[in-house]
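Read the structure below first, then the notes.
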Amino acid sequence: MTVHASDTTTPAALVARRTPGHSLEAPFYVSDALFRLDVDAVFARSWIFAAAEAELPEPGDYITLTLGAYSVLVVRDDDEEVRAFHNVCRHRGARILNDERGSVGNIVCGYHHWTYGVDGTLLHAESQPPDFDRSCFGLRSVHVRTVAGLVFLSLAAEPPADFDEFAARVEPYLAPHNLARAKVAQQIDLVEHGNWKLTMENNRECYHCAGHPELQRCYFPLYNFTEDEVPPGMRATFERFQKADAEARATYESLGLPYATIEELVERPTGFRVQREPLDLAGESFTPDGKAAVRRLLADFPTARLGHLGFHLQPNAWFHFLADHAVLFSVVPLAADRTLVRTTWLVHADAEEGIDYDLDSLTGVWVATNEQDAVFVSRAQLGVGSPAYVPGPYSPTESQVEDFVTWYINRLTAHLEGP
Ligand code: FES
Ligand SMILES: [Fe+2]
């Protein structure tokens with residue numbers, strides 16, 4: 001394997017010499033050491049999106065999530081609360097639940113059958129001495145919070161303290177979309193052959209949206225363009241957008257839906273952004289004609305023509321909430337050059353497939369878009385891995401890429417400087 005000269009520089013040196021306004025140096029995308037640092041400094045210290053509550057409808061339902069060397073199990077307990085624990089047995093440490101999802105009465109380690117309740121308490125451990133105190137050996141808990149039907153967790157001993165304020169501000173935007181009453185219509189895992197940051201960066205701009213013909217039909221490809229930046233060929237689209245936007249704002253106001261954009265991506269540990277925007281054509285959903293894909297609306301609104309609420313959370317998620325469904329994207333780093341993108345479509349719990357919606361119509365636009373994005377990300381990974389790669393400048397429409405990268409560098413700096 002070729003070793004680039006820059007591979008031998010320390011993370012601290014790479015962080016210190018990052019050039020604002022430019023893409024990152026190659027080691028950030030290709031180095032195994034930087035990948036491990038990303039897990040420790042970013043994923044294990046932030047609040048991350050784990051799942052929709054709809055993935056855990058009943059007590060005992062669980063998912064497991066692997067992040068670097070960590071494995072976390074997220075389970076609904078008998079009181080219907082969502083709990084999270086390290087998936088590590090308190091006996092000799094075996095990984096306990098080995099499937100990605102399932103349902104359990106109790107949580108049983110397959111090695112020597114120590115048995116835990118879904119609240120994490122150790123219920124049973126065979127052949128122990130009389131003085132064995134089970135209460136000392138419950139599963140180690142992981143911080144978990146739910147907001148409007150979304151489950152977030154933090155592996156940090158002391159999670160970022162800004163979560164409460166973040167939750168209080170986004171909850172009024174999300175709550176009207178009724179995620180708590182949703183069911184999973186579809187979930188698709190896609191492994192992109194690229195670093196997780198390339199996946200997130202790619203999502204933060206629509207400079208490349210000409211590569212998404214299906215999405216472009218219903219989605220105004222003007223994301224983060226100011227009026228001055230709109231290319232001449234997109235002028236007519238921009239005018240259509242302005243008209244739809246004025247109409248959408250009037251609808252939001254009449255329905256009492258908050259719609260002011262909040263964009264706090266750089267300074268805070270829990271960097272986030274929310275925005276309501278119209279969609280093109282019928283303006284209802286991500287479908288070829290813009291009409292609702294689900295007849296039974298997810299949200300209790302008198303109109304389906306709400307456009308979408310876009311929500312973005314660093315480091316690992318973005319979401320679109322519409323009148324008829326919601327689509328959630330989470331990003332899980334697998335290796336320096338491999339990233340899991342999980343897409344989950346939520347519809348009303350009573351919506352019936354084949355009657356109220358057709359799965360292909362519901363998922364088609366984003367299935368195609370995700371596959372296109374995976375190609376872009378894999379090409380970016382190949383390019384940044386070349387000895388010829390030098391960081392290049394972001395365009396003004398890529399300001400959120402710059403914000404994300406700056407936030408990331410800030411997170412590494414905080415970790416490297418340490419307490
Ligand atoms: S390691 Fe789990 S019961 Fe022994
Ligand atoms: Fe894209």
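The values are calculated or read from the model by the stated rules, or taken from the named source; none is laboratory data. This structure is a prediction, so every number in the text was calculated from the model and none was measured. All Cβ positions, even for glycine, are placed from backbone atoms using ideal geometry, and neighbour counts span all protein chains on display. With ligands, DNA and RNA removed, areas are computed over all heavy atoms of the protein, side chains included. Shrake-Rupley method; radii C 1.70, N 1.55, O 1.52, S 1.80 Å.
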## Note on the structure
Over the range 333-343, the set of residues open to solvent by 10 Å² or more (accessible area, probe 1.4 Å) and either more than 17 Å from Val375 (Cβ to Cβ) or not aliphatic (A, V, I, L, M) (or both) is Leu334, Ala335, Asp337, Arg338, Arg342
### Summary
With the first residue restricted to the range 362-382 and required to be farther than 25 Å from Ala185 by Cα and open to solvent by 30 Å² or more (accessible area, probe 1.4 Å), and the second required to be within 12 Å of ligand 2 (Cβ to nearest atom) and in a helix (DSSP H, G or I), Cβ contacts under 7 Å at 6 or more apart or on different chains are Phe376/Asn202; Phe376/Gly211; Ala380/Leu198
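Among Asp228, Asp189, which is more than 30 Å from Arg90 (Cα to Cα) and touching a Lys or Arg at 6+ places or on another chain (Cβ under 6 Å)? Walk me through how you get there before you give the answer.
Working: Asp228 fails: touching a Lys or Arg at 6+ places or on another chain (Cβ under 6 Å).
Asp189 is the lone residue from the list that is more than 30 Å from Arg90 (Cα to Cα) and touching a Lys or Arg at 6+ places or on another chain (Cβ under 6 Å).
Quick grid of which residues meet (1) out of contact with any Lys or Arg (no Cβ under 9 Å at 6 or more places or on another chain); (2) modelled with pLDDT of 95 or more; (3) farther than 25 Å from Phe43 by Cα:
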site: Phe319; (1), (2), (3): yes, yes, no
site: Ala323; (1), (2), (3): no, yes, yes
site: Val327; (1), (2), (3): yes, yes, no
site: Ser330; (1), (2), (3): no, yes, no
site: Ala349; (1), (2), (3): no, yes, yes
site: Glu352; (1), (2), (3): no, yes, yes
site: Leu359; (1), (2), (3): yes, yes, yes
### Query
Which of the residues belonging to the range 118-131 are surrounded by fewer than 17 Cβ atoms within 10 Å (Cβ to Cβ) and within 16 Å of Pro59 (Cα to Cα)?
Thr121
### Query
Would you pick out the residues in the range 214-229 that are part of a loop (DSSP other than H, G, I, E, B) and either within 16 Å of ligand 1 (Cβ to nearest atom) or farther than 20 Å from Phe329 by Cα (or both)?
Leu222, Phe225, Thr226
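Table: residues versus (1) touching a Cys at 6+ places or on another chain (Cβ under 6 Å); (2) surrounded by fewer than 22 Cβ atoms within 10 Å (Cβ to Cβ); (3) of a type outside the set (A, V, I, L, M, F, W, C); (4) touching a residue at least 60 places away in the same chain (Cβ under 8 Å).
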| position | (1), (2), (3), (4) |
| --- | --- |
| Pro278 | no, no, yes, no |
| Asp289 | no, yes, yes, yes |
| Leu297 | no, no, no, no |
| Asp300 | no, yes, yes, yes |
| Gly307 | no, no, yes, yes |
| Gly310 | no, yes, yes, no |
| Pro315 | no, no, yes, yes |
| Phe321 | no, no, no, yes |
| Asp324 | no, no, yes, no |
### Task
Give the residue, chosen from Gly93, Gly105, Gly110, that is more than 16 Å from ligand 1 (Cβ to nearest atom), of a type outside the set (A, V, I, L, M) and either part of a strand (DSSP E or B) or surrounded by fewer than 16 Cβ atoms within 10 Å (Cβ to Cβ) (or both).
Gly105
### Query
How many of the residues making up the range 383-419 are farther than 26 Å from Asp40 by Cβ and either open to solvent by less than 30 Å² (accessible area, probe 1.4 Å) or not aliphatic (A, V, I, L, M) (or both)?
11
### Task
Might you let me know whether the range 242-249 holds any residue that is part of a loop (DSSP other than H, G, I, E, B) and open to solvent by 20 Å² or more (accessible area, probe 1.4 Å)?
no
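Could you check the range 264-280 and list, in sequence order, the residues that are in a loop (DSSP other than H, G, I, E, B) and either modelled with pLDDT under 95 or farther than 17 Å from Lys243 by Cα (or both)?
Leu265, Val266, Glu267, Arg268, Pro269, Thr270, Gly271
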### Task
Please find, within the range 169-220, the residue that is farthest from Leu67 (Cα to Cα) out of those that are away from ligand 2 (no atom under 16 Å from the Cβ) and among the small types (Gly, Ala, Ser).
Ala175
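To keep it simple, each residue is scored yes or no on (1) at positive phi; (2) surrounded by fewer than 16 Cβ atoms within 10 Å (Cβ to Cβ).
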{"site": "Ser154", "(1), (2)": "no, no"}
{"site": "Glu171", "(1), (2)": "no, yes"}
{"site": "Asn178", "(1), (2)": "yes, no"}
{"site": "Ala185", "(1), (2)": "no, no"}
{"site": "Thr199", "(1), (2)": "no, no"}
{"site": "Cys206", "(1), (2)": "no, no"}
### Message
One residue is enough: does the range 34-48 have a residue meeting the conditions assigned to a strand (DSSP E or B) and of a type outside the set (A, V, I, L, M)?
### Response
no
### Query
Among the residues of the range 125-136, which ones are more than 10 Å from ligand 1 (Cβ to nearest atom) and either in a loop (DSSP other than H, G, I, E, B) or not hydrophobic (A, V, I, L, M, F, W, C) (or both)?
Ser127, Gln128, Pro129, Pro130, Asp131, Phe132, Asp133, Arg134, Ser135
### Message
Of the conditions (1) in a strand (DSSP E or B); (2) free of Cβ contacts under 8 Å to residues at least 60 places away in the same chain; (3) within 21 Å of Ala54 (Cβ to Cβ); (4) in contact with a Gly (Cβ under 7 Å, 6 or more places away or on another chain), Val118 satisfies every one except a single condition; which number is it?
### Response
(1)
### Task
Could you tell me whether the range 201-213 includes any residue that is farther than 17 Å from His312 by Cα, in a helix (DSSP H, G or I) and either within 16 Å of ligand 1 (Cβ to nearest atom) or at pLDDT 95 or above (or both)?
yes
